[in-house]
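A quick write-up on the structure given underneath.
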Amino acid sequence: MSKSLTGLGVSPGIAIGEPVVHETRPIATLRITIGSDQVEAEIRRFSTAVTTTVDRIWENRERARLQMGDEYAGIFEAHQLIATDPSFVEPVKKIIRDERVNAEWATDQVVGELVARFEALPHAHLADRKLDVLDVARQILSALHGLDLGQLDHLDRPSILVADDLPPSKAVQLPMDKILGFALETGGPTAHTTIIARSFGIPVIVGAQGLCKAARQSRQIALDAFEGKIVFDPEPAVVAEFQNRQTEYQEQHSKLLAMRAMPSVTRDGHEITLLANIDLPNEVELARQWNAAGIGLYRSEFLYMKMSPNLPSEKDHLEAYREITTRIDPFPVTIRTFDLGGKKLAREVIGSTEANPVLGLRGIRLCFSQPDFFRTQLRALVRLAGEFQPGRVRIMFPLISGLEEFRIARLLVKKITGELRAEGHEVHDSVPMGAMVEVPAAAIMANELAREVDFISIGTNDLIQYSLAVDRANELVAHLYRPTSPAILRLIAKVVAAGAAEGIPVSMCGEMAADPLMVPVLLGIGLRQFSMNPQAAPVVRALVRQLSYRESVHLARQACAMSTARDVEEFLLEKLAISLAKIKIRV
Ligand code: PEP
Ligand code: MG
């Protein structure tokens, strides 16, 4: 019987393939006494690990040099010197010999001493050298443990990526065409890595503990991301069963694709707008394929992640945005200013080491604290808008918590518009500017906000996280992350009503907008614009065509009046069973 594990399926699909294991958590080191006859073999094992590490550092150096130029090769040269430095290597061998202990333990001891020495140095930049020593030590330890670290960017054949943690900054560097599926020990349904995978149609399972260890011992694994099931070295019958399910899923997907030209209109003639969320400019092709009526959210921070460690120049911004706007012609594009921070590259871009980054310097706060980066981006946005018809380009600010922040951002755009005009650029007098509503305070103040902004987009991924105090990327509390919470429904209803009262468009760009169970409620609440990862659009379109607007209004009223998320879930599952079955959607 094959071994299996269960996690949470967060991006649908089936995958069968060879696992590639990527572990980043600290490696625990045990002290193991060895026999005197094992000492020489242990020293050889250590030397081999050093050689492997040096080879890997060399490969990374070459890759960095080719991709980013010679100046980035220096760091790898320093790492090579550390790995082969006699003042590091010899003491490790001595400890193995004198104390008759395993190489991991001996390495750990010497690294500890070196780090303490660096920490005692008076100059901060010298003290920082300890990070290099720790980095090299980690690579040697992983080579001793037989782990394959940091080799992800040259995945050269189709594989299932298994990892303890996979931050979006790492995910965005991966060759997605080589990834059959992701199986992760950490993560959640709206973690950014999940969102990226979903837009590429890659199945994902998160929160399966013990996964890396089991995968390291397996030649093949099978993922059923509908059920959250991972099978290691599956028997032929299991492979056949998974393959059948995959075929069924693909057939259903093709049927939905065939419906892409049909309007997203309810049975009683109520039309909604389906927009696309994209993280990378080339996803525009997907948005077009699925017939999106524009880009409702371009997460511009991914441009920074892609270019890290370099920062995008005004020209880089302009070129990326121009490509998107041109390719989605004639539809509008909403570009969100960089929402870095939180879990998205804060450390790499701004050197942040906040204890609680999700409540820290992220979104608009980070934009304000880095006025030069922000200015560069805003200049590019205003110039871009000037190249197209008024209204085609819209600027959106992330993590707005109240009117003051929006007013400051708007003022900056106005000032920059004047400067650009004075420099001779052709710019529009004003560019539509909107706020993400994803902080509960902004939702509560939606009436006031709606009076001043040109549009609102509800970011439920964060709104749920902050309202329910549930980290969206933490698998331990993923079961508490519930869009069906009546508190969330009521907040959304308040924002939609505020937009309607002021006559401004309100869209939703959180993952909730694509959740088949929630779409009828959102429709009934009065939401008209749904922005989602392009892969989700066909299901939502097919579902909307099954619904009646009048009935949805009634359904939403009842759901909002309920007392618990569970009541709402049970109610919706019962009420929507027929509509969901018609389009063969499992929720
Ligand atoms: C959101 O919070 O819902 C959102 C769309 O923004 P992001 O997922 O990028 O935080
Ligand atoms: Mg957000």
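Quick notes
- Using Cβ point charges alone (K and R +1, D and E -1), the dipole size of the chain about the Cα centre works out to roughly 1360 debye.
- Annotation: per residue accessible area for the chain equals 43 Å², rounded to a whole number [probe 1.4 Å, protein chains only].
- Where a label projected 7 Å from the Cα of HIS145 along Cα→Cβ would reach, residues of the range 1-42 with amide N under 13 Å: 21-30
- Selected from GLY363, GLY503, THR376, residue furthest toward positive end of dipole (the chain; charges at beta carbon): GLY503
- Our coupling estimate for the range 300-307, obtained by passing each phi through the Karplus curve with A = 6.51, B = -1.76, C = 1.60 and θ = phi - 60°, is 5, 4, 5, 5, 5, 5, 5, 8 Hz, Gly and Pro reported as x.
- With R₀ fixed at 51 Å, the C-beta to C-beta distance from ARG557 to ASP132 puts the FRET efficiency at about 0.25.
- Degrees separating the helix 73-84 axis from the principal Cα axis of the chain, which is the longest one: 40
- Ligands, DNA and RNA aside, SER308 has an accessible area near 40 Å² when probed at 1.4 Å.
- When each of LYS3/LYS93; LYS94/LYS130; LYS213/LYS255; LYS130/LYS178 is checked by Cα-Cα distance, pairs over 29 Å: LYS3/LYS93; LYS213/LYS255; LYS130/LYS178
- Model label sites at GLU574 and ARG31, defined 7 Å from Cα along the beta-carbon direction, differ in position by 6.3 nm.
- On full extension, the segment bounded by ALA78 and THR564 gains 169.3 nm, given 0.36 nm per residue less the C-alpha separation.
- Label-to-label distance, nm, for residues given as GLU227 and GLN289 (7 Å Cα→Cβ offset): 2.8
- Selection among ALA83, ASN102, ILE272 by position relative to the dipole of the chain gives ILE272 as farthest towards the positive end (Cβ unit charges, Cα centre).
- With both labels modelled 7 Å from their Cα along Cα-to-Cβ, the LEU121 to MET307 distance reads 3.2 nm.
- C-alpha long axis of helix 549-561 to longest principal axis of the chain, angle in °: 60
- For the range 438-451, 3J(HN,Hα) per residue [Karplus equation, 6.51 cos²θ - 1.76 cosθ + 1.60, θ = phi - 60°, Hz, x = Gly/Pro]: 9, 10, x, 4, 5, 5, 5, 9, 4, 4, 5, 4, 4, 6
- Each stretch of four or more DSSP H residues adds -39500 (n - 2.57); spread over every residue of the chain, this sum gives -15500 deg cm²/dmol at 222 nm.
- GLU40/GLN209 FRET efficiency (R0 30 Å; Cβ-Cβ; nearest 0.05): 0.20
- Separation of the range 363-416 and the range 193-272, taken as the distance between their Cα centroids, equals 37 angstrom.
- Accessible area of the chain belonging to carbon and sulfur atoms, whole % at 1.4 Å probe: 53
- Judged by the mean number of other Cβ atoms found within 10 Å, the most tightly packed of the peptides 179-192, 107-120, 471-484 leads the ranking 179-192, 471-484, 107-120.
- Treating r as the C-beta distance of GLN252 and ASP177 and R0 as 22 Å, the FRET efficiency rounds to 0.45.
- Considering only alpha-carbon pairs that sit under 8 angstrom and 6 or more positions apart, the relative contact order computed for the range 382-454 is 44 percent.
- Model label zone, GLU423; criterion: amide N under 16 Å from point 7 Å along Cα-to-beta-carbon; scope the range 379-401: 379-387
The values are calculated or read from the model by the stated rules, or taken from the named source; none is laboratory data. What you see is a predicted model, and the numbers here were worked out from it, not measured in a lab. Backbone-built Cβ (ideal geometry, glycine too); neighbour counts: all protein chains shown. Accessible surface is based on the protein model in full, side chains and every heavy atom, while ligands, DNA and RNA are left aside. Shrake-Rupley method; radii C 1.70, N 1.55, O 1.52, S 1.80 Å.
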